[in-house]
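Everything below concerns the one structure shown next.
The values are calculated or read from the model by the stated rules, or taken from the named source; none is laboratory data. Here the structure is a predicted model, which is why all the values come from computation and not from measurement. Cβ coordinates were reconstructed from backbone atoms using ideal geometry, including for glycine residues, and neighbour counts include every protein chain displayed. Protein only, heavy atoms only, side chains kept; ligands, DNA and RNA dropped before computing areas. Shrake-Rupley method; radii C 1.70, N 1.55, O 1.52, S 1.80 Å.
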Amino acid sequence: MTEDGRVRVLSDSQRAQDVIAPVTGDWVVLEEEDGLGTVVGHVFDRATSVSRRDPAERDLEQVLASNVQLVAAVHGLDRPLPPGRLERLLVLAHKSGAEPVVILTKGDEAADDETEAVVRSVARDIPVIVTSTVDGRGIDEVVGRIGPGRALALVGASGVGKSSLVNAIVGEELLEIGDVRASDAKGRHITTARELILLPHDAGLLLDTPGIRAIGLWEAEDALELVFGDLEELATSCRFGDCAHGGEPGCAITEAVDDGEVDGRRVDRYRALVEELATQREREEERERRDRKDGPRRGRRRRR
Ligand SMILES: Nc1nc2c(ncn2[C@@H]2O[C@H](COP(=O)(O)OP(=O)(O)OP(=O)(O)O)[C@@H](O)[C@H]2O)c(=O)[nH]1
Ligand SMILES: [Mg+2]
Ligand SMILES: [Zn+2]
């Protein structure tokens, strides 16, 4: 999108091996190239960057969206909400540098107490908006959070109703929506490309994304504080500075679990995430050492 409206340009992926490949939300410089026409010449630094570990290439970052001010962890009330899934989505959102919000779609379908409890315990200080495209609840609240010049990225599993929400906000059937399997409420991956939608009346932008199954975190150690801040606070009182909270003497977290102040399963998920991120960082460092020795391999460069 340019001052003069939409233009179709070439993103030269061969050349982009050496620079940053553009993603939806990027600000870019367009250049005229002989024989090629208009091409993406340069991608500006990203103010925020929503990313995960590439599900196909375990040691690569995949940027899902950039330059958004808000990231919504979207979940549908027609299905159970595993706490680990919401935790990961929120850590991913926080890591992006944007503001996280939780959107619970299909508010017209009965939510169970369990889902409510999960949301209350995981998304403690994060705004939660319940929406429905059937009775219209929550739609104005979502729009109210966006505003002129601001963009909201919708991230969540297939079939939770991200594209339906966009259509409800825009007020027309702009995006294709799909069915969910009645047996397990799974979606059918209807949206296949990321799409930036400019809202009418200068109300801001929405960024729809394809449903994601795996939420592998990428270099998100510092972002764990959003959902596990209380545990990280407790950890400062552990006897050992490198306590892994796995039964070491003088572990403040283990004590809090024993006293019934903290849910042990939540601690297990926290420890698993810390472990996962540490392993990933080791592999990353190992690869960088190898790359320095061999020279960079094509297409394996870090996109940052
Ligand atoms: N009852 C109810 N159904 C909804 C609501 N929002 C979406 N749906 C239904 O949920 C199904 C999936 O909606 P989509 O918008 O395609 O979901 P999506 O998250 O975009 O899915 P992917 O593009 O595959 O990632 C459709 O059958 C919608 O009609 C809602 O608020 N209430
Ligand atoms: Mg969709
Ligand atoms: Zn400890």
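If amide H atoms are built 1.01 Å from N in the plane of the peptide, which residues on other chains or at least 5 residues away come under 5 Å of the amide H of ILE20?
For ILE20, the qualifying residues are VAL43.
What share of all Cα pairs of region 49-208, in percent, falls into each consecutive 5 Å distance bin?
Pairs per bin, as whole percents: 2, 9, 18, 23, 23, 16, 8, 2, 0.
Once the dipole of the chain is set up with Lys and Arg at +1 and Asp and Glu at -1 on Cβ about the Cα centre, which of ILE169, HIS94, LEU64 lies farthest towards its positive end?
Among ILE169, HIS94, LEU64, the one farthest towards the positive end of the dipole of the chain is LEU64.
Could you please state, rounded to a whole Å, how far the C-alpha centre of region 78-100 is from the C-alpha centre of region 147-196?
Each part reduced to its Cα centre gives a spacing of 17 Å.
Per residue, how much accessible surface does region 218-263 expose to a 1.4 Å probe? Answer in Å², no decimals. Don't skip to the answer; put the middle values down first.
Working: 2480 Å² over 46 residues.
On a per-residue basis, region 218-263 sits at 54 Å².
Under 8 Å for C-alpha pairs, at least 6 residues apart: give me the relative contact order for the chain, rounded to a whole percent. Could you put the intermediate results ahead of the total?
Working: 519 pairs, mean separation 49.0, N = 304.
With pairs under 8 Å counted, the relative contact order is 16 percent.
In whole percent, and with a 1.4 Å probe on the protein chains, what portion of the accessible area of region 49-208 is carbon and sulfur?
Values: 3380 of 7010 Å².
C and S fraction of accessible area: 48 percent.
Among DSSP beta bridges whose residues both lie in the chain, state the antiparallel percentage, nearest 5. Present the calculation step by step, with values, prior to reporting the outcome.
Numbers: 16 of 36 bridges.
Rounded to the nearest five, the antiparallel share is 45 percent.
Compute all pairwise cysteine Cβ distances in the chain, then list the cysteines with no distance under 4.7 Å to another cysteine.
When partners are defined as cysteine Cβ atoms under 4.7 Å apart, the chain leaves CYS251 without one.
Report P(r) for region 158-304: all Cα-Cα distances, bin width 5 Å, range 0 to the bin holding the largest distance, values in whole percent.
Result returned by the calculation: 2, 8, 12, 12, 10, 11, 13, 13, 11, 7, 3, 0, 0.
Could you pull the Rg and Dmax for region 28-73, using just the Cα atoms, both in Å?
Spelled out, the Cα radius of gyration and Dmax of region 28-73 are 14.6, 43 Å.
What part of the accessible area of region 221-294, given as a whole %, is carbon or sulfur when the probe is 1.4 angstrom? Numbers along the way, then the final one.
Details: 2010 of 4540 Å².
Carbon and sulfur together cover 44 percent of it.
Would you mind giving the average projected area, over all directions, of the Cα convex hull of the chain in nm² with one decimal? Could the numbers behind the result be given before it?
Details: hull surface 75.3 nm².
So the mean shadow area of the Cα hull is 18.8 nm².
Skip the ligands, DNA and RNA, and give the accessible area per residue of region 49-208 with a 1.4 Å probe, whole Å². Show your work: numbers first, answer last.
Details: 7010 Å² over 160 residues.
On a per-residue basis, region 49-208 sits at 44 Å².
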